[in-house]
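The block underneath contains the structure these notes are about, expressed in structure tokens.
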Amino acid sequence: MVGVNRLLETNTAVVGLQWGDEGKGKIVDVLTEHADVVARYCGGANAGHSVRFNGKKFATHLLPVGVFRPGVMNLVGNGVVLDPAVIVREIDEISAAGIPVGPGNLRISYKAHVVMPWHKIEDGARESNAGGEAIGTTRRGIGPTYADKMHRSTAIRVADLVDPARLTEKVRRIGTERNRMLAVLHQASPVDLDATIDEYLKLGARLAPMVDDVGKLLLDYRKAGKKVVFEGAHAALLDVDHGTYPYVTSSSCSSLGIFSGTGVPPQYVQSIIGIAKSYSTRVGGGPFPTELHDQTAHTIRERGREYGTTTGRPRRIGWFDAVACRYTADLSGATSIAMTLLDVLSGLSEIKICVGYKYRGQPLDYFRADAEVLSEVECAYETLQGWQADISLTNRFDQLPSEAQKYVKRIEELLGVPVSMVSVGPERAQTLVR
Ligand code: GDP
Ligand code: IMO
Ligand code: MG
């Protein structure tokens with residue numbers, strides 16, 4: 001695509017600036033036409049990244065979307081929590097669709113942590129018992145796996161998964177302890193440890209040819225002058241440290257997690273593309289200052305097919321929040337913005353942008369990553385005129401209706417970062433590069 005290679009003059013990161021599902025998969029896929037390597041650095045099978053090309057739609061949860069580009073190497077970094085059954089299923093499904101995935105285009109860090117059956121049971125049980133305090137997790141065992149990573153002695157890494165003796169010993173020791181805990185705290189039935197050993201030994205054997213030292217590979221790629229795209233998962237407002245805590249995921253999913261999550265130094269990445277939807281969505285619980293509950297929300301949800309890629313849950317919908325995105329663009333060091341799903345707003349008579357928050361009657365001068373504060377803020381809106389034309393076939397920014405151009409330029413001004421790409425549909429070609 002014209003102009004895309006200009007965005008990839010250096011190693012580049014693609015990171016979500018809202019609460020996920022901004023279209024990171026699509027933008028990484030577009031960029032990857034000109035890249036050599038794609039690397040995931042955070043999260044696990046709680047992510048769902050969709051790509052569409054030649055009229056076909058694919059979604060990945062653990063595999064980087066570079067698998068859809070022949071010749072591109074895909075890396076799963078140490079910051080990821082790996083559900084081995086999910087990645088093996090993805091490998092098999094995508095290979096069966098005629099796109100081979102194997103050691104030639106996929107490497108997994110031996111340092112990544114493994115999601116075990118007890119993590120998923122604990123995640124589900126905690127959510128079910130939390131009542132009104134539930135986070136609304138994907139129940140994929142993400143939080144409990146990262147908790148074990150920090151506990152250390154109860155963690156299992158990919159290096160253990162591919163070593164039968166180590167795996168057997170750890171599953172027996174950790175699983176026995178965990179079964180006691182599941183019974184006492186969650187009244188859950190025990191995990192069958194023999195069956196788990198059997199299943200994970202098989203999964204380990206399948207994945208072993210792809211297990212590698214991802215940090216070392218990345219450092220070697222830099223010496224060889226290869227172009228790397230870091231595929232962010234989730235988004236900055238779901239970052240465990242900087243997001244809308246406690247309604248966040250359990251990883252460092254802003255751009256700050258790239259370095260610890262793959263094993264490269266900060267100067268490795270010079271271009272950071274922040275992905276922002278033209279409105280806001282969020283799945284699960286937590287504060288959402290610009291949330292809408294009216295007909296507009298319904299229209300946007302249906303037009304944008306705003307249903308979770310991982311869990312199928314309807315996504316909550318709201319206006320674009322420039323206060324939140326200014327914060328996440330700053331935090332992520334965004335050097336440019338890709339605005340996605342602009343086509344979904346066509347046909348609205350007016351469109352609002354949140355340009356300020358008031359908290360207990362006083363203006364808040366900066367975003368506050370605190371769920372208690374955010375649940376009380378009142379938004380100040382600017383109203384812009386909408387446009388009626390279908391823009392999904394437009395292929396140049398200056399051919400968009402003037403109202404659509406104004407909308408993008410106003411957001412650019414509010415964020416203080418140039419918008420380098422505008423996406424007007426899910427297909428690769430429906431992307432305008434400025
Ligand atoms: P991700 O998690 O950030 O990769 O995003 P998801 O794939 O979960 O959700 C984004 C959804 O929007 C997917 O169904 C994409 O196919 C779709 N999509 C991406 N960009 C556009 C766009 O510009 N317009 C429309 N209409 N859909 C888009
Ligand atoms: P992608 O990469 C949207 C949300 C969940 C829940 C919270 C915690 O597709 O943008 P978890 O299972 O991670 O413990 O759930 O985080 N969440 C996402 N929402 N897109 C995602 O990923 C998400 N990953 C996690 O809905 O509210
Ligand atoms: Mg998604």
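Here's the yes/no breakdown for (1) in contact (Cβ under 8 Å) with a residue 40 or more places away in the chain; (2) within 20 Å of G77 (Cα to Cα); (3) in the same structural domain as N46 (by TED's automatic domain parsing); (4) surrounded by 17 or more Cβ atoms within 10 Å (Cβ to Cβ):
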{"site": "D148", "(1), (2), (3), (4)": "no, yes, no, yes"}
{"site": "E169", "(1), (2), (3), (4)": "no, no, no, no"}
{"site": "I174", "(1), (2), (3), (4)": "yes, no, no, yes"}
{"site": "E177", "(1), (2), (3), (4)": "no, no, no, no"}
{"site": "R180", "(1), (2), (3), (4)": "no, no, no, no"}
{"site": "K202", "(1), (2), (3), (4)": "no, no, no, no"}
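Note on the stretch 186-200: residues that are in a helix (DSSP H, G or I), free of Cβ contacts under 8 Å to residues at least 60 places away in the same chain and surrounded by fewer than 16 Cβ atoms within 10 Å (Cβ to Cβ) amount to 3. Can you pull out every residue in the stretch 237-276 that is open to solvent by 10 Å² or more (accessible area, probe 1.4 Å), assigned to a helix (DSSP H, G or I) and within 16 Å of L17 (Cβ to Cβ)? Of everything in the stretch 237-276, just one residue is open to solvent by 10 Å² or more (accessible area, probe 1.4 Å), assigned to a helix (DSSP H, G or I) and within 16 Å of L17 (Cβ to Cβ), namely L238.
Residues that are within 16 Å of ligand 3 (Cβ to nearest atom) and within 20 Å of A205 (Cβ to Cβ): does the stretch 58-67 have at least one? Yes - at least one qualifying residue is present in the stretch 58-67. The condition of being within 16 Å of the chain's Cα centre (by Cα) and away from ligand 1 (no atom under 16 Å from the Cβ) holds for only one of G79, G102, that being G79. From the list T310, T281, the one residue that fits, being open to solvent by 10 Å² or more (accessible area, probe 1.4 Å), closer than 17 Å to A47 by Cβ, within 15 Å of the chain's Cα centre (by Cα) and within 15 Å of ligand 3 (Cβ to nearest atom), is T310. Look at R69 and say whether it is closer than 28 Å to I174 by Cβ and at pLDDT 95 or above. The answer is no for R69.
Can you spot a residue in the stretch 307-318 that is closer than 28 Å to E403 by Cα, within 13 Å of ligand 1 (Cβ to nearest atom), hydroxyl-bearing (S, T, Y) and in the same structural domain as E382 (by TED's automatic domain parsing)? Within the stretch 307-318, one or more residues are closer than 28 Å to E403 by Cα, within 13 Å of ligand 1 (Cβ to nearest atom), hydroxyl-bearing (S, T, Y) and in the same structural domain as E382 (by TED's automatic domain parsing).
With the structure loaded, tell me whether S420 is of a type in the set (S, T, Y), at pLDDT 95 or above and closer than 30 Å to K57 by Cα or whether it fails that test. Outline the logic, then answer.
Numbers: of a type in the set (S, T, Y): yes; at pLDDT 95 or above: yes; closer than 30 Å to K57 by Cα: yes.
So S420 passes the test.
Here the stretch 8-24 is the region considered, the condition is being on the phi < 0 side of the Ramachandran plot and open to solvent by 20 Å² or more (accessible area, probe 1.4 Å), and the residue that is modelled with the lowest pLDDT is E9.
Is it true that E90 is more than 14 Å from Y200 (Cα to Cα) and either in contact with a helix residue (DSSP H, G or I) (Cβ under 8 Å, 6 or more places away or on another chain) or without any contact (Cβ under 8 Å) to a residue 40 or more places away in the chain (or both)? Yes, satisfied. The set of residues from the stretch 50-72 being open to solvent by 10 Å² or more (accessible area, probe 1.4 Å) and within 16 Å of ligand 2 (Cβ to nearest atom) comprises S50, R52, K57, F58, A59, H61. Looking for something in a strand (DSSP E or B), open to solvent by less than 20 Å² (accessible area, probe 1.4 Å) and under 29 Å from R301 (Cβ atoms) - is there at least one such residue anywhere in the stretch 25-47? Yes: the stretch 25-47 contains one or more residues that are in a strand (DSSP E or B), open to solvent by less than 20 Å² (accessible area, probe 1.4 Å) and under 29 Å from R301 (Cβ atoms).
Within the stretch 112-122, does at least one residue satisfy the condition of being outside any helix (DSSP H, G or I) and over 24 Å from H186 (Cα atoms)? Yes; the residues of the stretch 112-122 include at least one that is outside any helix (DSSP H, G or I) and over 24 Å from H186 (Cα atoms).
Taking the stretch 324-434 as the region of interest, the strands (runs of 3 or more DSSP E) fully inside it that hold 1 or more residues being open to solvent by less than 10 Å² (accessible area, probe 1.4 Å) are 336-340, 350-359, 419-423, 431-433.
Yes/no per residue for (1) away from ligand 2 (no atom under 13 Å from the Cβ); (2) hydrophobic (A, V, I, L, M, F, W, C):
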{"residue": "Y41", "(1), (2)": "no, no"}
{"residue": "G77", "(1), (2)": "yes, no"}
{"residue": "A85", "(1), (2)": "yes, yes"}
{"residue": "E93", "(1), (2)": "yes, no"}
{"residue": "I99", "(1), (2)": "yes, yes"}
{"residue": "G104", "(1), (2)": "yes, no"}
{"residue": "H113", "(1), (2)": "yes, no"}
{"residue": "G124", "(1), (2)": "no, no"}
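In the stretch 73-83, which residues are open to solvent by less than 10 Å² (accessible area, probe 1.4 Å) and hydrophobic (A, V, I, L, M, F, W, C)? Across the stretch 73-83, the qualifying residues are L75, V76, V80, V81, L82.
The values are calculated or read from the model by the stated rules, or taken from the named source; none is laboratory data. Since this is a predicted model, take the numbers as computed values, not measurements. Neighbour counts run over all protein chains shown; Cβ positions are idealised from the backbone, glycine included. Keep in mind that these areas ignore ligands, DNA and RNA; they rest on the heavy atoms of the full protein, side chains included. Shrake-Rupley method; radii C 1.70, N 1.55, O 1.52, S 1.80 Å.
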